[in-house]
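Chemist: Take this structure first; my questions come after.
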Amino acid sequence: MFYAECIDIPGVHIFQKNRMKEEIMNQTNVKIGQLRDRMKELGIDAYLVPTADFHESEYVGEFFKCRHFLTGFNGTAGTAVITMDKAGLWTDGRYFVQAEEQLSGSEIKLYRMGEPEFPTLDEFLEEELPVDGCLGFDGRVVNSELGYGLQNLLQEKNVTINCSKDLVGEIWTSRPAMSCEPIWSLDVKYAGKSTVEKLSDLRDAMKKNKAQIHLMTALDEIAWLFNLRGNDIVNNPVFLSYALITQDEAYLYVQKEAIKEDTKMGKEVCAALAEAKIQVKEYAEFLQDVAALKNEKILLECKKASFAVCESIDASCRIIDEMNPCATMKAVKNATEIENMRKAHLKDGIAVTKFMYWLKHTIGTCDMTEMTAAHKIEELRAEQGNYIEPSFVTIAAYKENAAMCHYHPSDEVCKKLKPEGLLLVDSGGQYLEGTTDITRTYALGPLTEKEKEYYTIVAAAMLKVSTMKFLHGCRGINLDYTIREAFWKRGLDFAHGTGHGVGYLSNVHERPNGLRWKVVPERQDSAVIEPGMICSDEPGLYFAGDFGTRTENLILCVEDEKNEYGQFLKFEFLTKAPIDLEALDTRFMDDADIERLNTYHKDVYETISPYMNDEEKEWLKHVTREISR
């Protein structure tokens, strides 16, 4: 296995880097000029380029990275707007440093979202667009909420919308092809429920909503409903698709080349679809079929659909704008999925425990980088049966890099590891048995008192959910404080949710459940916590320029006692891997914290030790030993 090294030859490296950056910025300005030429031809005064595909996916395939192509900024969130004399990029605090670096030297200005001195996207467009002007965007990649919001905002200036042109696509001469990876069938022994059963449940939900037709555009929900998976988005086993469901028929819109009928896998897909009486149509036909609907009651979650989809619906139809029923149904894992998820986390725990053993015994003996660690944990997961791919790009962040929540190393940018300080590794895997996500922060050698103190507070806070007991009806907003209490009483906080929902062999971020202390509408993760739901539990602390620490387990909601007050619930840890005792300072733990840690480590040892060799087992016994104050 090749492990990347960071080589920096003083002077030469800096010169080459600066020349490369200058060339990229020149190309960016040329692209903006080309875009403006097309805008002028079409009478468009401002053109908006979001970070999106046709399905409002969190991550997108290479074909859809128009904003990255145009601006050079490759963060996962951001919106560009180009006018005839201005160019701007809006992104949030996670990416300010990265965006400043990647936009530097181009004419694109960074507009820092959430900072009062910068106008919002709405304010900018309202100010810059002239009366009787025209706003352009590709309606297939702009969600309906944004599209109609801008349309209403700009009404007073009589601004028209041109949503029919993919202008970036027109100037992107070397654009990658749209992904068309093979679709494969997920056996019911993994899915736990047949497509026929799921369709029956969905149709019952449609009846409750008095809907005749349900339009589906979210890739993870379509994949779940039809018990199919694909590989059109890296780390998310989904495929480009739409669905149209009636009470009697079901239509799946895919690129037909993705179903290889002359292969064993393709034949299995065809047989499964035929058994469920699902008709397959060409992906590109969806919008025209939607436009042909007349006088129908259509169940459609508009904020998950594109502006183009909503604009295609005839005025004679009535839209029932509710959350897609499949979003809630798939969040509550069935008994088979739960049992399989336990198996997936056993495999993952073995891999992560072996990684910790390797890390502790290798650091300081050879040259290592953040990329070395990222490659190694992937290698160890690949040794586990039914492993498919990572569930997201591994975050391996050493020292000050760990203070950036969304940092991940690359072959070009990574830090050398030394036998000192903290290394944060946030990683996960996709197995046939399910999806995993785990963060551990490791002591590579001597630590400062501050590092130990805050590492301990974080680890103890994460473990608190193991003794949490709550009544059914609670939402994540009710539960978040239990974890966050240790931070707030010290005047500390972390600027992300405590936890997100996790899919089953699906997206690692899944709505509608999560743990956070305030409602964030765009996250759509404030649902009642139900038995069968899986969340992450990942508090952290981050100190810019110094270090960061985060500890994360996945948790399963299960039933506890039921009495005259109602049904009580609790959480079960799915994740089984040691928490590094070398970084702990028990002065910052109370007796309950220590008991929770010892109980967890006892379970980790009993679960994982049978899969270790003799040396690893002896080491594991030591690193999961009972501790006291």
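The values are calculated or read from the model by the stated rules, or taken from the named source; none is laboratory data. None of the values given here were measured: they were computed from a predicted structure. A quick note on method: Cβ atoms are made from the backbone with ideal geometry, for glycine too, and the neighbour counts reach across all protein chains shown. Keep in mind that these areas ignore ligands, DNA and RNA; they rest on the heavy atoms of the full protein, side chains included. Shrake-Rupley method; radii C 1.70, N 1.55, O 1.52, S 1.80 Å.
Chemist: Please work out if Glu564 is open to solvent by 10 Å² or more (accessible area, probe 1.4 Å), free of Cβ contacts under 8 Å to residues at least 40 places away in the same chain, among the acidic types (Asp, Glu) and over 30 Å from Gly434 (Cα atoms).
Modeler: yes
Chemist: Now a separate question. Scan region 283-300 and give yes if some residue there is part of a loop (DSSP other than H, G, I, E, B) and either β-branched (Val, Ile, Thr) or open to solvent by less than 20 Å² (accessible area, probe 1.4 Å) (or both), otherwise no.
Modeler: yes
Chemist: Condition test on Ser179, is it in contact with a helix residue (DSSP H, G or I) (Cβ under 7 Å, 6 or more places away or on another chain), part of a loop (DSSP other than H, G, I, E, B) and closer than 28 Å to Val30 by Cβ? Steps first, please.
Modeler: Details: in contact with a helix residue (DSSP H, G or I) (Cβ under 7 Å, 6 or more places away or on another chain): yes; part of a loop (DSSP other than H, G, I, E, B): yes; closer than 28 Å to Val30 by Cβ: yes.
For Ser179, the condition - in contact with a helix residue (DSSP H, G or I) (Cβ under 7 Å, 6 or more places away or on another chain), part of a loop (DSSP other than H, G, I, E, B) and closer than 28 Å to Val30 by Cβ - is met.
Chemist: Something else: Residue check: is Arg342 buried (at least 24 other Cβ atoms within 10 Å of the Cβ), of a type in the set (Lys, Arg) and outside any loop (DSSP other than H, G, I, E, B)?
Modeler: Answer is no for this residue.
Chemist: Every residue in region 347-381 that is surrounded by fewer than 19 Cβ atoms within 10 Å (Cβ to Cβ), under 23 Å from the mean Cα position of the chain (by Cα) and under 16 Å from Tyr611 (Cβ atoms), please.
Modeler: Answer for region 347-381, where residues must be surrounded by fewer than 19 Cβ atoms within 10 Å (Cβ to Cβ), under 23 Å from the mean Cα position of the chain (by Cα) and under 16 Å from Tyr611 (Cβ atoms): there is none.
Chemist: With the requirement that a residue be among the acidic types (Asp, Glu) and under 25 Å from the mean Cα position of the chain (by Cα), what does region 165-203 give you?
Modeler: Glu181, Asp187
Chemist: List, please: which pairs have Cβ atoms under 9 Å, are six or more places apart or on different chains, and start with a residue in region 133-154 that is free of Cβ contacts under 8 Å to residues at least 24 places away in the same chain and end with one that is assigned to a helix (DSSP H, G or I)?
Modeler: Qualifying pairs under 9 Å: Gln151/Phe307.
Chemist: Ser427 passes all but one of (1) touching a residue at least 12 places away in the same chain (Cβ under 8 Å); (2) polar (S, T, N, Q); (3) touching a Gly at 6+ places or on another chain (Cβ under 9 Å); which number fails?
Modeler: Single failed check for Ser427: (3).
Chemist: Being among the polar types (S, T, N, Q) and not in a helix (DSSP H, G or I) is the filter; apply it to region 587-629 and report the residue that is least open to solvent (accessible area, probe 1.4 Å).
Modeler: Thr624
Chemist: Further question on the same structure: Return only the number of the condition from (1) closer than 30 Å to Cys134 by Cα; (2) in contact with a strand residue (DSSP E or B) (Cβ under 9 Å, 6 or more places away or on another chain); (3) open to solvent by 50 Å² or more (accessible area, probe 1.4 Å); (4) not in a helix (DSSP H, G or I) that Gln151 does not satisfy.
Modeler: (4)
Chemist: When you scan region 122-137, do you find a residue that is assigned to a loop (DSSP other than H, G, I, E, B), open to solvent by 40 Å² or more (accessible area, probe 1.4 Å) and touching a helix residue (DSSP H, G or I) at 6+ places or on another chain (Cβ under 7 Å), even just one?
Modeler: Step one: list which residues in region 122-137 are assigned to a loop (DSSP other than H, G, I, E, B), which gives 129-133, 137.
Then drop every residue that is not open to solvent by 40 Å² or more (accessible area, probe 1.4 Å), which leaves 130-132.
Right, trim to touching a helix residue (DSSP H, G or I) at 6+ places or on another chain (Cβ under 7 Å) and you get 131.
Yes: one or more hits.
Conditions tested, residue by residue: (1) at pLDDT 95 or above; (2) over 30 Å from Ile529 (Cβ atoms); (3) acidic (Asp, Glu).
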site: Ile320; (1), (2), (3): yes, no, no
site: Leu359; (1), (2), (3): yes, yes, no
site: Ala374; (1), (2), (3): yes, yes, no
site: Glu400; (1), (2), (3): yes, yes, yes
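Chemist: Which condition number does Leu225 fail, the rest of (1) within 27 Å of the chain's Cα centre (by Cα); (2) over 18 Å from Ser194 (Cα atoms); (3) aliphatic (A, V, I, L, M); (4) buried (at least 23 other Cβ atoms within 10 Å of the Cβ) being met?
Modeler: Unmet condition: (2).
Chemist: Among the residues in region 168-183, are any in contact (Cβ under 8 Å) with a residue 24 or more places away in the chain, in contact with a strand residue (DSSP E or B) (Cβ under 7 Å, 6 or more places away or on another chain) and open to solvent by 20 Å² or more (accessible area, probe 1.4 Å)? Don't jump to the end; show me each part of the working.
Modeler: First pass over region 168-183, keeping only residues in contact (Cβ under 8 Å) with a residue 24 or more places away in the chain: 168-172, 175-183.
With in contact with a strand residue (DSSP E or B) (Cβ under 7 Å, 6 or more places away or on another chain) added as a condition, the list becomes 168, 183.
The next check asks that each one be open to solvent by 20 Å² or more (accessible area, probe 1.4 Å); those that pass are none.
Within region 168-183 (the criterion being in contact (Cβ under 8 Å) with a residue 24 or more places away in the chain, in contact with a strand residue (DSSP E or B) (Cβ under 7 Å, 6 or more places away or on another chain) and open to solvent by 20 Å² or more (accessible area, probe 1.4 Å)), the answer is no, since none of the residues qualifies.
Chemist: If you don't mind, there's one more thing I want to ask. Among the residues of region 281-295, is any small (Gly, Ala, Ser), over 15 Å from Ile213 (Cα atoms) and over 27 Å from the mean Cα position of the chain (by Cα)?
Modeler: No.
Chemist: Take the residues in region 515-534 that are among the aliphatic types (A, V, I, L, M) and open to solvent by 10 Å² or more (accessible area, probe 1.4 Å), then tell me which one is nearest to Phe568 (Cα to Cα).
Modeler: Out of the qualifying residues, it is Val528.
Chemist: Which of (1) closer than 21 Å to Arg475 by Cβ; (2) open to solvent by 10 Å² or more (accessible area, probe 1.4 Å) does Ala544 not meet, given it meets every other one?
Modeler: (1)
Chemist: Of all the residues that make up region 106-120, how many are touching a residue at least 60 places away in the same chain (Cβ under 8 Å) and crowded, with 17+ Cβ neighbours inside 10 Å?
Modeler: 2
Chemist: Okay, next question. Name every residue in region 433-483 that is without any contact (Cβ under 8 Å) to a residue 60 or more places away in the chain, open to solvent by 30 Å² or more (accessible area, probe 1.4 Å) and either in contact with a Lys or Arg (Cβ under 7 Å, 6 or more places away or on another chain) or not in a helix (DSSP H, G or I) (or both), in order of residue number.
Modeler: Within region 433-483, Pro446, Thr448, Arg475, Ile477, Thr482 qualify.
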